[in-house]
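Student: Shown below is the structure under consideration.
Every number here is computed from the coordinates shown, using simple stated rules; none is lab data. Computed from a prediction, not measured in an experiment: that's the story for all the values here. Positions of Cβ are generated from backbone atoms using ideal geometry, with glycine treated the same way; all protein chains shown enter the neighbour counts.
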Amino acid sequence: MAEKIHLKLRIRRYQPERNPKAWWDEYELEMGPMDRLLDALNEVKWHHDGTLAMRRSCAHGICGSDAMLINGRNALACKVMVKDIAPKARVEPLRGLPVIRDLIVDMEPFFAGYRSVLPYLVNDEEPPDTERLQTPEEHAEFEDTTKCILCACCTTSCPIFWGDDGYVGPAAIVNAHRFIFDSRDEAGRTRMKILAGKTGAFRCRTTFNCTEACPRTIKVTRAIQEVKRATLFDRF
Ligand code: SF4
Ligand code: F3S
Ligand code: FES
């Protein structure tokens, strides 16, 4: 039988009806060699304290719902192996967004920034009979930013976002980049006008926390720089 891994897991809790202040709970767990941190959190929820509140769905790094602060770094719990963090780990809700309960934060400010950049294809021309064509070279210009799963790891690791709730944040700019550089889209100028404003791309101070935090390895800071450059030199 495979050897068990001992994990002392500290979880930051917040349940206002039980205690108006946040507190830490600690659990001693025996986990398997292939378990992820999400398995450890499920173990707590299913066998130690059913009131633990957290978001998760796919368990495969696709839905983006289990982003949290793990030993001081943003990551998806389903992508962190227990063997890589044992014997001790500390789990907290994402920073910079209001905590609703335990590991669940209010994502509305994050999605408000996302919605503000028109994160969808805009093209009022009559659609062709087949798809709107594009060359591989044209597609390569924005391929990296299509990988975003809206997990918020980038935005909630950005010190400018923590300090100024007006900044749209790196995830919103990544999603603007995805359409600004798409040859089939016609709203690049409108998006760049939005991002040239005081809550937009020029608030970024190239701290790179966002790039380090991205579980999809998107070059977030580079995308932001490309958007800034396109805005300055009016690429469109
Ligand atoms: Fe998550 Fe990366 Fe998208 Fe940011 S850019 S929301 S870190 S997938
Ligand atoms: Fe923030 Fe990333 Fe810029 S962490 S300051 S958006 S490089
Ligand atoms: Fe879907 Fe982790 S549960 S990304």
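Student: Starting from the Cα of LYS21, draw a straight line to each of the lysines and keep only those under 29 Å, dropping any in the same chain fewer than 8 residues away.
Tutor: Partners found: LYS8, LYS45, LYS88.
Student: If you don't mind, there's one more thing I want to ask. Arranged from highest to lowest average of other beta-carbon atoms within 10 Å per residue, in what order do the peptides 112-120, 14-22 appear? Write out the running numbers ahead of the final one.
Tutor: Numbers: 112-120: 18.6, 14-22: 10.9.
Sorting 112-120, 14-22 by mean packing, highest first, produces 112-120, 14-22.
Student: Moving on to the next point. Against the longest principal axis of the chain, how steep is helix 170-180, in degrees 0 to 90 to the nearest 10, with axes from Cα atoms?
Tutor: Taking Cα atoms only, the helix is inclined about 30 degrees.
Student: Shifting gears a bit: Per residue Cα convex hull volume for the chain, in cubic angstrom?
Tutor: Convex hull of Cα atoms, per residue: 155 Å³.
Student: Taking the mean number of other Cβ atoms within 10 Å as a proxy for protection, how do you rank 23-29, 127-133 from highest to lowest?
Tutor: 23-29, 127-133
Student: Okay, moving on. Could you check what % of the DSSP bridge pairs in the chain are antiparallel, to the nearest 5?
Tutor: Antiparallel: roughly 80 percent of the beta bridges in the chain.
Student: Now for a separate question. On a C-alpha basis, how far is the centre of segment 132-193 from the centre of segment 50-100 in Å? Whole number, if you could?
Tutor: Measuring centre to centre over Cα atoms gives 24 Å.
Student: Using the 2.2 N^0.38 Å rule of thumb for compact globular proteins, work out how segment 1-66 stacks up: its C-alpha Rg over that value, please.
Tutor: Taking the Cα Rg and dividing by 2.2 N^0.38 Å, one obtains 1.24.
Student: Using a Cα-Cα cut-off of under 13 Å, which aspartates and glutamates could be cross-linked to LYS219, ignoring same-chain neighbours fewer than 8 residues away?
Tutor: GLU141, GLU143, ASP144
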